[in-house]
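Here's the structure we're looking at; comments come further down.
Only the coordinates and a few stated rules stand behind these numbers; no lab work does. What you see is a predicted model, and the numbers here were worked out from it, not measured in a lab. Virtual Cβ from ideal backbone geometry, glycine too; neighbours counted across all protein chains shown.
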Amino acid sequence: MADKTNTKREESLRVFNQAASMYDRVGPGIFSYFGQRLVDAAEIPNGANVLDVAAGRGALLFPAAARVGPTGHVTGIDFAPNMVCETAKEIEKRNPRNAEISQMDAEQMNFVGSSFDYVVCGFALWMFGDSERVLKEFHRVLRAGGHVALSTWAADNPYQTWCHDVLKPFVESPSAKDLPAKIDVRFDTPLEIKTALQQAGFENIRITVEEKDFVYADPDQYWSSLWSAGMRRRLEKMTPELLEQAKKEVFRKLQALKQPDGFHSASRALFAFGEKPVS
C-alpha cells in the first residue's frame, strides 16, 4: 500500500512539474472559472485567514486574496516546485500583498493546529497519495468553527467522459507504456465526498453541482489544453505513432462539437463545504 501511495505521489509531482508553465494558461481557463465560483460560493469574509492546498497557478488563491482584503491573508501550498515557482512570479507581478505560496506536502503540513479560518482545495483531492490523511490535516489546521471548501470532478462530467471514450482505444493498445485503462478519479459522487468529510471530522456538509460550457477556439487549442493538466500523463506514455493517431481521432471527433463561435465542451464539477465543530 505504501509503495502504491508513493508511486501515485511521485507521478502527480512529475506530471504537474512538467505542466506548470501551461497549467490553466491554454484554453478557456476552466480552473480559473471554477476557482472563482468556489471562492464565491464559500462566502469567505473580509479579514479571513485562508489556506489554499494544491494551489497550482492560483485559481483559488487570487480570488480568495481579493475577497479577504488587506486585513486577511491567503497562504498557498503546492507539492510541485515548478507550480510554486510560476505562481510566486504571478504573485510578485500582481502584488496582492496578502498572498504567498510555498512548497509543502499536504499530507504533512508545517502549520500548527487551528491556524486558519478556511481551507480551500480545487480539483486535487484524488491526486494525493493518502487523501484521507490530507482531509484530516485540513481538519487539524482549521480553527474550531472553521470551514473547508473543495471541488472535484463529477462522475458524469461530460468533458472527462468524452476524453475517456475518445482516448480509450489508444490507452488499451499494446503500444501504450504501462498506462492504466481507467482514469483514476475518486470523490466524484456526493456520497463519497460527504462520507470522506464526515470521517475526517467535518459536519454541516453540503454539496452542490456546478456546470459550465467552455469554448475552444480550434482543435489545436483543445489538444494543447490536454497537455496542460492531468490528462498529460495519459498522452505522454503513448508511443509517437500512437499519439499521432490519438490526436487525429480527437480532431475528428471534435467536429461534432463545433459551433459558430468555436468547439464547445461542458464540464461538471462538485463543490463540497463543511465545518469543523466548535467543540
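Which is the longest stretch in the chain that no exposed loop site breaks, taking sites as GluC sites (Glu not before Pro) with a DSSP loop state and at most 15 other Cβ atoms within 10 Å?
Working: sites that count: GLU43, GLU172, GLU236.
Within the chain, the longest run free of exposed GluC sites (Glu not before Pro) spans 44-171.
Taking amide H positions as placed in the peptide plane 1.01 Å from N, state which residues far from VAL74 in sequence (5 or more) or on other chains have amide H under 5 Å from it.
Sorted by chain and number, the residues that satisfy this are VAL50, ALA99, GLU100.
Taking only Cα atoms, what is the 0 to 90° angle, nearest 10, from helix 190-199's long axis to the longest principal axis of the chain?
Here the helix axis deviates by roughly 40 degrees.
From Cα pairs below 8 angstrom and at least 6 apart in sequence, can you work out the relative contact order of the chain, rounded to a whole percent? Before the final figure, lay out each step's value.
Numbers: 522 pairs, mean separation 61.6, N = 279.
The value is 22 percent.
Excluding LEU270 itself, calculate the net charge of residues whose Cβ lies under 15 Å from the Cβ of LEU270, where each Lys or Arg counts +1 and each Asp or Glu counts -1. If you can, show how the numbers build up before the last one.
On the way: positive: ARG37, ARG186, LYS194, ARG206, LYS212, ARG268; negative: ASP156, ASP188, GLU192, GLU210, GLU211.
Result for the neighbourhood of LEU270: +1.
Measuring from label point to label point, each 7 Å out along Cα→Cβ, what is the ARG14 to THR239 span in nm?
Each label point is offset 7 Å from its Cα along the Cβ direction, giving 2.0 nm.
Roughly how tilted is helix 131-141, in degrees to the nearest 10 and between 0 and 90, from the longest Cα axis of the chain?
That helix lies at roughly 30 degrees to the long axis.
222 nm [θ] for the chain, helices only, -39500 (n - 2.57) per DSSP H run of 4+, per residue, to 500? Display every interim value, and only then the final one.
On the way: 10 runs with 116 residues, N = 279.
So the helix-based figure for the chain works out to -13000 deg cm²/dmol.
Loop sites only, by DSSP: take the trypsin sites (Lys or Arg not before Pro) in the chain that have at most 10 other C-beta atoms within 10 Å and name the longest stretch containing none of them.
Numbers: sites that count: ARG97, LYS177, LYS182.
Value returned for the longest uninterrupted segment is 183-279.
Of the listed values (i) 0.95; (ii) 0.97; (iii) 1.03, identify the label whose number matches Rg/Rh (Cα atoms, Kirkwood Rh) calculated from this model.
Among (i) 0.95; (ii) 0.97; (iii) 1.03, the one calculated here is (ii).
What does the net charge come to around ALA41 if you take all other residues with beta carbon closer than 13 Å to its beta carbon, with K and R at +1 and D and E at -1?
Numbers: positive: ARG37, ARG67, ARG206; negative: ASP40, GLU43, GLU210.
Here the count lands on 0.
Take every DSSP beta bridge whose two residues both sit in the chain, then give the antiparallel share in percent to the nearest 5.
Values: 21 of 41 bridges.
For the chain, the DSSP antiparallel bridge percentage is about 50.
For the pair ASP218 and THR195, how long in nm is the line joining their label points, each one 7 Å along Cα→Cβ?
4.7
What full-extension length gain, to one decimal in nm, is calculated for SER279 and GLU203 as 0.36 nm per residue of separation minus the Cα-Cα distance? The partial results should precede the final answer.
Details: separation 76, 0.36 × 76 = 27.36 nm, distance 1.15 nm.
My answer for the length gained is 26.2 nm.
What number, in percent, do you get for the relative contact order of region 46-178 if the mean sequence gap of Cα pairs under 8 Å and at least 6 apart is divided by its residue count? Don't skip to the answer; put the middle values down first.
Numbers: 212 pairs, mean separation 30.3, N = 133.
Rounded, it is 23 percent for region 46-178.
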